[in-house]
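Quick one: the structure is below, questions incoming.
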Amino acid sequence: MTYQNIDKEIAHLEVVFGLISTCDRFPLSYWHQRLRMLHSASMMPAQRARVARLEATLRSLREAEETASAEPPHTSTVAGP
């Protein structure tokens, strides 16, 4: 990958990561794999820093996903007629 291609991929991921949630149709593992692919490329320090921020964002999303799955389902406490 050229530095320009790496920049384009990082820019794309920055946009997507600003929009995804734990309920997204693509699983977080997909985005994790996309980030791991960048690690095999030669990156400039600024690119590495951007990837590190993306990894932190993905980690936060994964933690939110794990927290949500660990919570018991909400039940209604409204009394019936």
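Which angle from 0 to 90°, rounded to the nearest 10, does the C-alpha axis of helix 45-70 make with the longest principal axis of the chain?
Here the helix axis deviates by roughly 20 degrees.
Quick one: net charge around Met44, please, counting Lys, Arg +1 and Asp, Glu -1 for every other residue with C-beta under 13 Å from its C-beta.
Charge balance near Met44 sits at +1.
Please list, short to long, the whole-number percent of alpha-carbon pairs of the range 3-70 in consecutive 5 angstrom bins beginning at zero.
3, 16, 30, 24, 14, 8, 4, 1, 0
For n ≥ 4 DSSP H runs only, could you compute -39500 (n - 2.57) per run for the chain, divide by its residues and tell me the 222 nm figure to the nearest 500?
Per the formula, -22000 deg cm²/dmol.
Once phi is turned into ³J(HN,Hα) by the Karplus curve 6.51 cos²θ - 1.76 cosθ + 1.60 with θ = phi - 60°, what whole-Hz value does each residue of the range 3-13 show in order, with x for glycine and proline?
For the range 3-13, the Karplus-derived couplings read 4, 5, 5, 4, 4, 5, 5, 5, 4, 4, 5 Hz, x marking Gly and Pro.
Related question: Find which of Leu61, Met37, Phe17 sits farthest along the positive direction of the dipole of the chain, computed with +1 on the beta-carbon of Lys and Arg, -1 on that of Asp and Glu, about the Cα centre.
Positive-most Cα among the choices belongs to Met37.
Laboratory data are not the source of any read-out in this text; all were calculated from the coordinates shown. In this text, all values refer to a predicted model and were calculated from it rather than measured experimentally. Cβ coordinates were reconstructed from backbone atoms using ideal geometry, including for glycine residues, and neighbour counts include every protein chain displayed.
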